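The values are calculated or read from the model by the stated rules, or taken from the named source; none is laboratory data. What you see is a predicted model, and the numbers here were worked out from it, not measured in a lab. Don't worry about glycine lacking a Cβ; one is built from the backbone with ideal geometry, like all the others, and counts go over all protein chains shown.
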Amino acid sequence: MTPEDFEQHRIDFIEEMRSEMDMKNKDYQAGSTNQLHYEEIADNIGCTPMQVWATLFCKHVHAIFRYCRDGNVASEDIQHRLKDAANYCLLGSALVKDLEGQDSGQEKT
């Protein structure tokens, strides 16, 4: 891949990530924050919001590992899994920021 091809791939990948997150967020956003569903699930099963996030993130990582091992994935294509994993990194970063804000007494964003 040439540097120009990579730059176009980067632009396309990020735009597709944004589009996917915008579409899925409508189903997952439970209230005033993007992280509220992690808190609800954590409360329901007795763990932390970060543990909920890690569990959901790991399913994408395991699918990527399967692709690396077997050369294919069973349901969604590998590009979709990579975008999902990248989106989960963004969600994880936002969750950490929210949790750190709680620890310092700041309002959640």
*Any residue at all in segment 7-15 that is modelled with pLDDT of 95 or more, in a helix (DSSP H, G or I) and surrounded by 14 or more Cβ atoms within 10 Å (Cβ to Cβ)?*
yes
*How many of the residues making up segment 17-55 are surrounded by 16 or more Cβ atoms within 10 Å (Cβ to Cβ), in a helix (DSSP H, G or I) and either at pLDDT 90 or above or of a type outside the set (Phe, Trp, Tyr) (or both)?*
10
